[in-house]
Each structure stands twice: as C-alpha cells, then as structure tokens.
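Notes to accompany the following structure.
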Amino acid sequence: MQGRKPKVVEVGPYIYFQYRQKDNIRFSRDRSKVHYSQQQMYVFDAESSYPLTENDDLTVLNMHMNSILQIIDNQAKETITNFRSDVNNTLEKIPVVRVIKRIIERTTPIQSILQIAEDETYDSLRLINAELNRIFGRPDTMFLRTTPKQFLFDGVPFCVNVIGIAKAICKEIEKRNTKTIRTMPDGSLRFSFFSHKNMTDDGMFTVNTGIKDPSRTQMIELWNGRTTLDVWNNRSSGLTSSCNKIHGTDGSGYPPFRTGVDRMTIFSTDICRTVDIKLTGASSYEGIPALRYEIDGNFLHEIGPEYGNECYCVNKIPKSIVKSNGCLYKGALDLSNCFGKSRLL
C-alpha cells in the first residue's frame, strides 16, 4: 500500500438463489391473520454468475478486523480508565494501604495510582496491538484475501489457537453475540456476512390474509409480536419515530390488483428497516406481464432532517465522516445498531 490510495475494481455479480420456506403456520380464529416463521436458504447460481465462481480469489476490506479495531479505538481509553478506577477503589478499601498512603502523602509528594496508570496507557495500547496480531494472524494490511463463498457464508477464521490476553479479547468479542460472527467447535471465531441468514428464520411474522380487505393482503401486522423496533433513534419526546415503525410486506408477496399503485413498502429484517419501492414501468417474466418496482432514492441518498428521517442518523461508527447535521453522506447507512457492531451499508 505504501500510504497511497488503493485502486478499487468492482467484481461481480455473484448471483445466489434465495429460497423461502414458511413454517409454524397458524391462522387467527377469524382467518384474517396468519402467523409464520420464514426460513431462508441461499444457493449459488453458477449459470447466471458464469464465468465467475464462488471460489474466486478476491481482495476485500478486512471487515471484522476493521470493526473490532474501531470498537477498541473507541472504548480503549474508557476501559483503561475504568480499570484504573477499580484498582484505586480496591486499594482504598484496604485499611493498611489507607494508613500508609496518608503517611506518605504528609511527608513527600507522590503520584497517585491513577496518574501512574495514565503514564502507562501507551504501553497498554502497545500490548493490545501485539495481541491483535495474534488474533488476526499478523495481517500486514487492512485488506483480506478470501473467496465469495468464505466471505459471504462459510466464514473467515480468526481467534485461532489463541492464549492469554488474546484469548480474553476473543472472549469479549464472542460475548457481544453479533450476527456476523459465530463460534466454531474448536473455540475459534468466524466472520461472514450472511451465514446467520442461511438455513435460519428471521423472526415470527403476523400478516394480514386479505380476507376482509384485499388491499391489506400480506401486509405485516406484527413482527416478533411487535409493531415497532428499538434500533433507530426515537423522537426527543420519547415517541416512536417513523424509522422504528414496522409496515409493508416481507417482500415475498404483495396485495393483488396493484394497477396504478406507484409505491409500495417492504420491511427487511436484514437491515432492520422498511424500504420504499417505486413503480418504474411495465415488464414481463417468462412471458407473464408484470410491473417493475425499484428502490426509491430515499433509501441511501435522502437521509437527514431535510427529508424528515434523521432518525436513521445513529452515528455509532467511531471517527466516521459525517455532515454538519450528524448524518452520513449520500450512499451510506449506519447499521451498527442492527448488527450489534460497526457496520456501514
């Protein structure tokens, strides 16, 4: 790298089939609502992806290392300060230490334990840096050589055969219970974008059957028993913001008789939010007439107080570049609260 800007080349598309199977199906007594969980499975589409394969060598940003380094950078000072405070408080509770401290303070100037520890903060950070090399296998750049299959589903291994402080750090990472990191039988960890979505369900849905009103067919009434999320910022008054409201369909189906409807809404559990799609024109699929909808511009390009959706501006990524109103620039969305770790879409 030598400090220069990397030359980035987009590769793809790598195409996967998504299969959805609805389980635990139950209807309400009046048949107006149906409850189900939905298991998803992804299978690589070799024909549509050709000549690309899911075993191609790729160079990508080392996402999990970058995220963990950001967390450490953001919390290291706080962690060390708390540790020093705990040491001081513990020593202060020992009678002999209190007596000796008072005698010394009366006779000669002395640095407190807190002051000494502050002088040693740099050494502590050097120690953490050495342990991070053990955790991530001594990486020489912020980039990673991997394959689509490993990066998306199988997982990139780290925290392999670690001991001592490195093992303790890995345990703290494991305790965060983030969706994209899983623990292997040998105790190591693996990062992948979608392994948690493959062969797993994404919650319990309650949707409208449309028996009373066809225009409400497949519209979500509840997700995991709730009509709102606790992911995005709420209003200063404490009321639920529009960002946290669950509405629309799950994306697998829509109400019938859509002629002339220029906008619909999808609730995506992958990114913990609703997404508007707009009609772009007529289309067809294998000879069947269809309407084509695309994601609306407000998804990533129109976020902020000027658009009335500043509740998406959670600003949880350390040292991220934001506008004066605290929101990220166009084309980016902070998903840290959704994934439980620093994540930018």
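The values are calculated or read from the model by the stated rules, or taken from the named source; none is laboratory data. Here the structure is a predicted model, which is why all the values come from computation and not from measurement. In this analysis, Cβ positions are derived from the backbone assuming ideal geometry, glycine residues included, and neighbour counts consider all displayed protein chains. Calculation scope for accessible area: heavy atoms of the full protein, side chains included, ligands and nucleic acids excluded. Shrake-Rupley method; radii C 1.70, N 1.55, O 1.52, S 1.80 Å.
In the stretch 277-287, is there at least one residue being closer than 26 Å to Ser192 by Cβ, at pLDDT 85 or above and part of a loop (DSSP other than H, G, I, E, B)? No, the conditions are met nowhere in the stretch 277-287.
Within the stretch 268-297, residues that are on the phi > 0 side of the Ramachandran plot and touching a residue at least 24 places away in the same chain (Cβ under 8 Å) have Cβ atoms under 9 Å from residues that are open to solvent by less than 80 Å² (accessible area, probe 1.4 Å) and of a type in the set (A, V, I, L, M, F, W, C) in these pairs: Cys272/Leu229; Cys272/Val231; Cys272/Trp232; Cys272/Leu335; Cys272/Cys338; Cys272/Phe339, counting only partners at least 6 apart in sequence or on another chain. Out of Arg145, Arg126, one residue alone is in a strand (DSSP E or B) and either over 25 Å from Ile271 (Cβ atoms) or modelled with pLDDT of 90 or more (or both). It is Arg145.
Ser215 satisfies every condition listed in (1) farther than 17 Å from Gly251 by Cβ; (2) free of Cβ contacts under 8 Å to residues at least 40 places away in the same chain; (3) open to solvent by 60 Å² or more (accessible area, probe 1.4 Å) except (2). Scanning the stretch 166-175 for residues that are surrounded by 15 or more Cβ atoms within 10 Å (Cβ to Cβ) and without any contact (Cβ under 8 Å) to a residue 60 or more places away in the chain yields Ala166, Lys167, Ile169, Cys170, Glu174.
Within the stretch 196-206, the presence of a residue that is out of contact with any Ser or Thr (no Cβ under 7 Å at 6 or more places or on another chain) and of a type in the set (Asp, Glu) is excluded.
When Glu306 is tested against (1) more than 20 Å from the chain's Cα centre (by Cα); (2) modelled with pLDDT under 85; (3) assigned to a loop (DSSP other than H, G, I, E, B), just one condition goes unmet, and that condition is (3). Step by step: first the residues of the stretch 176-212, then only those that are among the polar types (S, T, N, Q), in contact (Cβ under 8 Å) with a residue 24 or more places away in the chain and assigned to a strand (DSSP E or B), then the one that is farthest from Ile15 (Cα to Cα). Which residue is that? It comes out as Asn208.
Here Thr269 clears all of (1) within 15 Å of Gln38 (Cβ to Cβ); (2) modelled with pLDDT of 90 or more; (3) open to solvent by less than 50 Å² (accessible area, probe 1.4 Å) except the condition numbered (2). Here is the figure for the stretch 252-264: residues that are out of contact with any helix residue (DSSP H, G or I) (no Cβ under 9 Å at 6 or more places or on another chain) and either crowded, with 16+ Cβ neighbours inside 10 Å or outside the structural domain of Phe299 (by the TED database) (or both) total 2. In this structure, does Val231 turn out to be closer than 26 Å to Tyr312 by Cβ, surrounded by fewer than 15 Cβ atoms within 10 Å (Cβ to Cβ) and among the aliphatic types (A, V, I, L, M)? Considered against the rule, which asks whether it is closer than 26 Å to Tyr312 by Cβ, surrounded by fewer than 15 Cβ atoms within 10 Å (Cβ to Cβ) and among the aliphatic types (A, V, I, L, M), Val231 comes out as no.
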